[in-house]
1. When you scan region 367-392, how many residues do you find that are touching a residue at least 60 places away in the same chain (Cβ under 8 Å), among the β-branched types (Val, Ile, Thr), open to solvent by less than 40 Å² (accessible area, probe 1.4 Å) and closer than 20 Å to LEU228 by Cα?
2. Is one or more of the residues making up region 515-531 in contact (Cβ under 8 Å) with a residue 40 or more places away in the chain, among the polar types (S, T, N, Q) and outside any strand (DSSP E or B)?
3. Criterion first (surrounded by 18 or more Cβ atoms within 10 Å (Cβ to Cβ), under 30 Å from ASN432 (Cα atoms) and at pLDDT below 85) does THR530 satisfy it?
4. Which condition number does PHE315 fail, the rest of (1) surrounded by fewer than 19 Cβ atoms within 10 Å (Cβ to Cβ); (2) within 29 Å of the chain's Cα centre (by Cα); (3) under 30 Å from LYS505 (Cβ atoms) being met?
5. Looking only at region 552-570, filter to residues that are of a type outside the set (Ser, Thr, Tyr) and crowded, with 20+ Cβ neighbours inside 10 Å; which one of those is farthest from ARG272 (Cα to Cα)?
6. Suppose we keep only residues that are under 21 Å from GLU455 (Cβ atoms), of a type outside the set (Val, Ile, Thr) and assigned to a loop (DSSP other than H, G, I, E, B) within region 426-440. Which one would you say is most open to solvent (accessible area, probe 1.4 Å)?
7. Looking only at region 379-395, which residues are within 23 Å of LYS223 (Cα to Cα) and either part of a strand (DSSP E or B) or of a type in the set (D, E, K, R) (or both)?
8. Could you tell me which of the residues LEU362, LEU302 is open to solvent by 10 Å² or more (accessible area, probe 1.4 Å), touching a residue at least 12 places away in the same chain (Cβ under 8 Å) and farther than 30 Å from LYS561 by Cα?
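The values are calculated or read from the model by the stated rules, or taken from the named source; none is laboratory data. Note that the coordinates shown come from a computational prediction; the quantities given were computed from them, not determined experimentally. FYI the Cβ positions are ideal-geometry reconstructions off the backbone, even for glycines, and counts take in every protein chain you see. Side chains are part of the model used for accessible areas, which takes the heavy atoms of the whole protein and leaves out ligands, DNA and RNA. Shrake-Rupley method; radii C 1.70, N 1.55, O 1.52, S 1.80 Å.
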Amino acid sequence: MDPRDTAPDSWEQEDDVEAPTDQLQSALTGLNVNAKPFVPNINAPEFVPTFLQKGPTENPDSYGTDTVASVGDSKTIALMENGEADATTEETWEQKEEPSGAEPGGGPIGDGGPAEDAQQEMEEEEEAPTPKVAPTPPDAPKKEHVNVVFIGHVDAGKSTIGGQIMYLTGMVDKRTLEKYEREAKEKNRETWYLSWALDTNQEERDKGKTVEVGRAYFETEKKHFTILDAPGHKSFVPNMIGGASQADLAVLVISARKGEFETGFEKGGQTREHAMLAKTAGVKHLIVLINKMDDPTVNWSLERYEECKEKLVPFLKKVGFNPKKDIHFMPCSGLTGANLKEPAEQCTWYTGLPFIPHLDSLPNFNRSSDGPVRLPIVDKYKDMGTVILGKLESGSISKAQQLVMMPNRHTVEVLSLLSDDVETDDAGPGENLKLRLKGIEEEEILPGFILCNAENLCHSGRTFDAQIVIIEHKSIICPGYNAVLHIHTCIEEVQITALICLVDKKTGEKSKTRPRFVKQDQVCIARLRTAGTICLETFKDFPQMGRFTLRDEGKTIAIGKVLKLVPEKD
C-alpha cells in the first residue's frame, strides 16, 4: 500500500514535499483552531471590508488590538479536539459586544464594531419606513379599535400632530424622521418633516397640503388607534367626508397663532365646515386641540387659549355637540410634541391629562358584533386579486366567508383579511380592514358599495325621503334642485324631486301644506332621487348609513338623515 495513502501518526513526522514547512508554519499561525463552526446567517448585512467603511466606526481602536490579540492567543492555545473547542466557545451575541481580546476567536468580526457598522450601512439602504406592529400574544384580549380623524383648517397642524404621535408611540423610528428632516431642509421646509410621516406622496410633500386621507396606527395600553389624517383644504372636502365617515372620534385641530385661528374660523374657513361635517358623519366625541401654543405670538398664554375656546363653544353647540359631555379642550404643540404624551412644563395652567393618555382613558364604544355584516367600501385596487378597504360598521367577518356585494348582488368569498395591515382570521366591528375577494373584478366595484351577509342584505334604491337642514345656501331651494350626495363612503348625484313639509325647529311640528321652496336655516322633509342605485339604510335602523350631507359648488349646503326608503315603481 502506498505510504502516502495512510494517515501518519502525527503530522510532524511527515515530510511535506509540496510546500516548505517554514512558509506553512507562518501562514498557519494566524489561524484560530478553536473557532466555532461556520453557520451562515441569512439575515446578515452585506459584508463591507473595514478599509472601505466610511462613516465613524463604533470603536475603531479595537480592530488592530483584537487581531493581534487573537493571533497571539492562537499560538499559545494547545491543540484541542474540534468538539471540545465548540463547547468552550459557545457564547451568545450579547457577550460578543464586549471587546473580545481575551476570547479565543475574538477576531475583527467577532467584535461589536464592524457588525454594528454594517448594520448601519444596511439601514442606510432601507428607505421605506415600515410600520412596527408589536406581535400580540395569542391569549391577549383584542384591543378595542378606535378611529380618530384629525380635522381642521388648512395648516392648523393636523399631519404634524399625527406624525409626532407616531414618533412618540414608536411607530416611526428616529432615523426615518431624521431622513425626512434632511429632505425637508433641502426643500426649505424644515418644519414640515413630521407631517411627511402621513403625507406620503410627492404632491402632498411639495405643497405641504394633505390631499388624500392619510392613515396610520398607534397603540396605547388599552386601545388600538387608527389615525385618519383628513385634508383641510376646501377643494378636498369630499375626501375629508370619506375620512370622517369612518371615524369614531374627531380631533379638531385649531391653530392658536395670531391671525390663523381667525381665518380658519371666519365664514369660508374650514374649521366650521369640518366640525359640522364630523357631527353629520356621526362622530360623537370631539377633542379640540389648540395647537401651535409654542408660537412666539402665543407663548402658552392662557388668555389666547380662553379666547379661542370662547369663540368655539357657541358654534360647536350650534352644530349639535354638547359642550359638557362631548367636547374636551386641550392645548398642545405638534412641532415640539408638548402635551401630546407628557405634560408640558411651559404650560402650568393646564391640569388635565395630555392627549394620548386622554384618548386612552375615554370610555369604550358599544358595538354589536352579532349584527348584520355592513362594510362600506372606501377604496379598491388590484393586487393578486381584488383588494378592498373599508371599516366594518357592524357584524364580524372571517376568512373564507361568503358575502354579497351590494347593490350589484355579486357573491364574493373572503380570501384573506388584514386588519391595519396585520393578517387575521376574523375581525369585529370598528376595525379597518383590507379584504382580498374572490368572485368579483376590481372594475365592478365602486367606493360606496357595501359588503353584506347573504341572510341580511342592506337596502338599496334610488328614491328616499329624508329630513334635511339647509345650512348655507344663498338663494332658495325648490324641487328639481341638483346637488351631490355624500352618504357613508358613497358619493352620488341627487335631485330633490319634491318638498313634502317644513319642520319647525323648536317644536318639531310639521307643516300641513307643501312648501314651494326652502331657504337657509330651515328644516324640511323632502323626497330625493339619486342618479344611480345606492346602498342606504334608514337613520333609525342603522345611523352610520342613514346620515348624509348635500354639497354644491364646493360648499356643504345641507345635512340630513334618511327617514324612509321608497320602493321603485317598476
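1. Adding up the residues that qualify gives 2.
2. Yes, region 515-531 contains at least one residue that is in contact (Cβ under 8 Å) with a residue 40 or more places away in the chain, among the polar types (S, T, N, Q) and outside any strand (DSSP E or B).
3. no
4. (2)
5. The qualifying residue farthest from ARG272 (Cα to Cα) is VAL562.
6. Initial filter on region 426-440 (under 21 Å from GLU455 (Cβ atoms)): 426-429, 433, 435, 437-440.
Checking which are of a type outside the set (Val, Ile, Thr) leaves us with 426-429, 433, 435, 437-439.
Next, only the ones that are assigned to a loop (DSSP other than H, G, I, E, B) stay: 428-429, 439.
Details: GLY428: 18, PRO429: 23, GLY439: 57 Å².
Filtering region 426-440 for residues that are under 21 Å from GLU455 (Cβ atoms), of a type outside the set (Val, Ile, Thr) and assigned to a loop (DSSP other than H, G, I, E, B), the one most open to solvent (accessible area, probe 1.4 Å) comes out as GLY439.
7. First pass over region 379-395, keeping only residues within 23 Å of LYS223 (Cα to Cα): 389-395.
Within region 379-395, LEU389, GLY390, LYS391, GLU393, SER394 qualify.
8. Values: LEU362 fails: farther than 30 Å from LYS561 by Cα.
So the residue among LEU362, LEU302 that is open to solvent by 10 Å² or more (accessible area, probe 1.4 Å), touching a residue at least 12 places away in the same chain (Cβ under 8 Å) and farther than 30 Å from LYS561 by Cα is LEU302.
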